[in-house]
Amino acid sequence: MEKESKKQGSIFEGFSKRLNMNEAIEMTKQSLQAYGETHQHWGIAWSGGKDSSATLTLIIWMIETGMIQGPKKLTVFYADTRMELPPLSIAAYQIIEDLKERGIEVNIVMAPMDKRFMVYMLGRGVPPPNNNTLRWCTRQIKIDPMQDALAQSLSTSDYDGNILMITGVRQGESAIRDQRIIMSCGKDGAECGQGWYQEVLPNAKGIRGRVATLAPLLHWRVCHIWAWLKNWAPQVQFGDWPTAAIADAYGGDEAEELSARTGCVGCPLAQEDKALDTILAMEQWNYLTPLKRLRSIYRELREPHNRLRKPGTDRNKDGSLETNPQRMGPLTLEARQWALKEILNIQEEVNEEALFQNRRSISIINEQEEVRIRDLIEAKTWPNKWRGDEPRADEAMDLIMAEGIVQPLLV
Ligand code: SF4
């Protein structure tokens, strides 16, 4: 993999001026000719965000017009987290229709039921992710499902056991000059999880050594992305793609200045709901306003009165006291029921307004997910190492230090 990245960088060696759109496309073409044509099977990792959507539609256009030689087999892997911003997921499903009409195979990749964001949180009781110790979401709803889908595909005879995975990772010109590929998650306008595809996928268990990755838009600047999505791709000669809606979801004509990144609706890790605020400012998406309440629900769920706490007396198998013996843990059953009701209310409010305004309805928690959440709550399901009989985290209790020293509660 490292070899691939270095090779790809060499195409751009000596590069020092600002690229125009035609030059950017030409370099993409060269990278695909140099590395793509040596692989018989290509996959495109597509999140529905701006970079991977530009990558997807550009490559299909290049193949269709004969600019590059297509592979023997091409599969588009669409990562549906069930948490995408509605305008993006609506646009993604329109593109999927177009891809299918063109005879292109689309694999819709989704986490298994019990691992999905809402089911894991409200059914199993794991608190909403945060920036510190509990960031379970990116891997669970984005990376692992993609890894599993790839492993599954590679196990079939169709792929002869290996694949070139094309990602929308983009670092702009300076990164190319420095031959530097930063694999952060959500940095500088990149989508959450984007870099991970390039960094984690090729080395994942079960597929290691069988996946090469290529980021053919690595050198594109964000203005190239907007130009492609808004002005080029929608034209018949470039594929007639419904990609303008994607650019609009990032803020339409102001998208470049806003330099928004997207991720899950109400992402608890983002400082502010910039992407959601941007779309709510548009008349056609204003009916989604109740989604703004999701973040306060997540915040409320993290409060001690909605969670359990270890009493401080639990021991490891070897008899030693657990580290952090009085840590806060899962959501109480009551808190989960409350949040489920609140989130279903939000969904209902949005969909009633959608019906009234003749707009698209949304699905935050679908029927099967709701049934599964209720079943898990009913069965009193707790995360590993929790029994459910621990005290509520806002209850006063003696303070137990890691060394087992007890500081009694002062009354
Ligand atoms: S966008 Fe936020 S909630 Fe969604 S996977 Fe990324 S960090 Fe987690």
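Values computed for the structure shown
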quantity	calculated
For segment 214-228, 3J(HN,Hα) per residue [Karplus equation, 6.51 cos²θ - 1.76 cosθ + 1.60, θ = phi - 60°, Hz, x = Gly/Pro]	9, 10, x, 10, 3, 8, 6, 8, 4, 5, 5, 4, 4, 4, 5
Nonlocal amide H pairs with Thr75, under 5 Å, H built at 1.01 Å	Trp42, Gly43, Ile44
R0 of 35 Å, Cβ-Cβ distance Gln69-Arg139: FRET efficiency to nearest 0.05	0.50
Net dipole in debye of segment 41-104 [+1 Lys, Arg Cβ; -1 Asp, Glu Cβ; about Cα centre; nearest 20]	200
Sorted peptide list for 365-378, 216-229, criterion being average Cβ within 10 angstrom, highest first	216-229, 365-378
Lysine pairs within segment 234-386, Cα separation less than 26 Å, 8 or more sequence positions apart or different chains	8
Nonlocal amide H pairs with Trp136, under 5 Å, H built at 1.01 Å	Asn130
Segment 19-238: equivalent-ellipsoid semi-axes (sqrt of 5 x gyration tensor eigenvalues, Cα, Å)	27, 20, 18
Note, ³J(HN,Hα) from phi for segment 110-120, Karplus 6.51, -1.76, 1.60, rounded to Hz, x at Gly and Pro	9, 5, x, 2, 6, 9, 5, 3, 5, 5, 5
Neighbourhood net charge (12 Å Cβ-Cβ; Lys/Arg +1, Asp/Glu -1) for Leu355	-2
Positive-end residue, segment 321-361 charge dipole about Cα centroid, Cβ charges, pick of Met328, Ile346, Asn358	Met328
Among 238-244, 78-84, the order from most to least packed when residues are scored by Cβ within 10 Å on average	78-84, 238-244
Extended-chain gain in nm, criterion 0.36 nm per residue less alpha-carbon gap, Asn366 and Glu37	114.3 nm
Packing rank of 318-325, 160-167, where each peptide gets the mean count of other beta carbons within 10 Å, highest leading	160-167, 318-325
Alpha-carbon centroids, segment 366-408 and segment 309-358: separation in whole Å	9
Residue-wise HN-Hα coupling along segment 63-73, computed from phi with Karplus coefficients 6.51, -1.76, 1.60 (Hz; x: Gly, Pro)	5, 5, 8, x, 5, 10, 7, x, x, 5, 9
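Where a number appears in this text, it was derived from the coordinates with a stated rule and is not lab data. Just so you know, these numbers come straight off a predicted model, no measurement behind them. Neighbour counts run over all protein chains shown; Cβ positions are idealised from the backbone, glycine included.
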